[in-house]
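What follows is one structure encoded as structure tokens, with my remarks underneath.
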Ligand SMILES: Cc1cc2nc3c(=O)[nH]c(=O)nc-3n(C[C@H](O)[C@H](O)[C@H](O)COP(=O)(O)O)c2cc1C
């Protein structure tokens with residue numbers, strides 16, 4: 001299966017990308033082909049809401065999303081990777097997701113699999129409630145099939161994350177993708 005990993009952290013070697021690395025290691029061991037889209041360092045402009053695309057068509061903006069669109073639509077699964085920012089996903093990842101607007105029906109029609117990995121400083125039980133509700137809604141709206149989620153509580157720095165149980169959780173999630 002082809003998997004696209006959508007990374008949304010400005011920290012290339014940060015906590016959420018550490019979790020993504022473990023997920024990828026597991027998924028590749030399981031025989032999947034993984035491609036990373038680094039949404040935080042790509043040339044991606046916010047959706048202007050012009051609806052020139054009619055929710056399914058060429059986008060008037062010419063940036064890296066032209067290539068990412070093809071890569072996402074060729075994949076069988078998308079994995080959202082984000083640090084927790086004010087209890088939601090990062091603006092970098094959200095900016096890419098908003099650009100799905102121009103290929104919304106294609107995503108819905110494909111019936112892709114999905115997963116989410118996130119890292120946060122906080123470790124309260126409610127830390128990921130808002131992001132989880134958002135992810136569940138995206139799964140429902142985009143006709144995705146959820147394969148799992150890793151909520152990295154208390155993963156405030158790469159060192160905290162490396163020593164957390166979430167590295168193993170992310171690896172096992174990737175290894176278990178069928
Ligand atoms: C702008 C900003 C907002 C943040 N908001 C939260 C938050 O709402 N809750 C939380 O627990 N941690 C929050 N954090 C901490 C990060 O989620 C945490 O440090 C995470 O490990 C960063 O992941 P990264 O290394 O992949 O960038 C925030 C950090 C930043 C920079």
With criteria (1) over 14 Å from residue 89 (Cα atoms); (2) within 16 Å of the ligand (Cβ to nearest atom); (3) surrounded by fewer than 19 Cβ atoms within 10 Å (Cβ to Cβ), residue 167 comes up short on (3)
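Of all residues in region 1-14 being within 16 Å of the ligand (Cβ to nearest atom) and either part of a strand (DSSP E or B) or within 14 Å of the chain's Cα centre (by Cα) (or both), which is farthest from residue 149 (Cα to Cα)? Give the steps one after another, and end with the answer.
Going residue by residue through region 1-14, those that are within 16 Å of the ligand (Cβ to nearest atom) are 5-14.
Checking which are either part of a strand (DSSP E or B) or within 14 Å of the chain's Cα centre (by Cα) (or both) leaves us with 5-10.
On the way: 5: 13, 6: 14, 7: 15, 8: 16, 9: 17, 10: 21 Å.
Restricting to residues being within 16 Å of the ligand (Cβ to nearest atom) and either part of a strand (DSSP E or B) or within 14 Å of the chain's Cα centre (by Cα) (or both), the top hit is 10.
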Of 119, 133, the only residue that is within 16 Å of the ligand (Cβ to nearest atom) and under 12 Å from residue 16 (Cα atoms) is 119
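Could you identify the single residue in 114, 106, 123 that is assigned to a strand (DSSP E or B) and either within 23 Å of residue 41 (Cα to Cα) or out of contact with any strand residue (DSSP E or B) (no Cβ under 6 Å at 6 or more places or on another chain) (or both)?
Values: 106 fails: assigned to a strand (DSSP E or B); 123 fails: assigned to a strand (DSSP E or B).
Of 114, 106, 123, the one residue that is assigned to a strand (DSSP E or B) and either within 23 Å of residue 41 (Cα to Cα) or out of contact with any strand residue (DSSP E or B) (no Cβ under 6 Å at 6 or more places or on another chain) (or both) is 114.
Let me confirm something: among 22, 28, which residue is within 16 Å of the ligand (Cβ to nearest atom) and outside any loop (DSSP other than H, G, I, E, B)?
Of 22, 28, the one residue that is within 16 Å of the ligand (Cβ to nearest atom) and outside any loop (DSSP other than H, G, I, E, B) is 22.
Just one of 46, 58 is modelled with pLDDT of 95 or more, exposed (fewer than 13 other Cβ atoms within 10 Å of the Cβ) and part of a loop (DSSP other than H, G, I, E, B); which is it?
Working: 58 fails: exposed (fewer than 13 other Cβ atoms within 10 Å of the Cβ).
Step by step, each of 46, 58 is checked, and only 46 is modelled with pLDDT of 95 or more, exposed (fewer than 13 other Cβ atoms within 10 Å of the Cβ) and part of a loop (DSSP other than H, G, I, E, B).
Can you tell which of 73, 96 is touching a residue at least 60 places away in the same chain (Cβ under 8 Å) and either farther than 16 Å from residue 4 by Cα or in a helix (DSSP H, G or I) (or both)?
Values: 73 fails: touching a residue at least 60 places away in the same chain (Cβ under 8 Å).
After ruling out the rest, the residue left standing is 96.
The values are calculated or read from the model by the stated rules, or taken from the named source; none is laboratory data. All figures in this text were calculated on a predicted structure; none of them were measured in a lab. Every residue, glycine among them, receives a Cβ derived from its backbone with ideal geometry; neighbour counts consider all protein chains shown.
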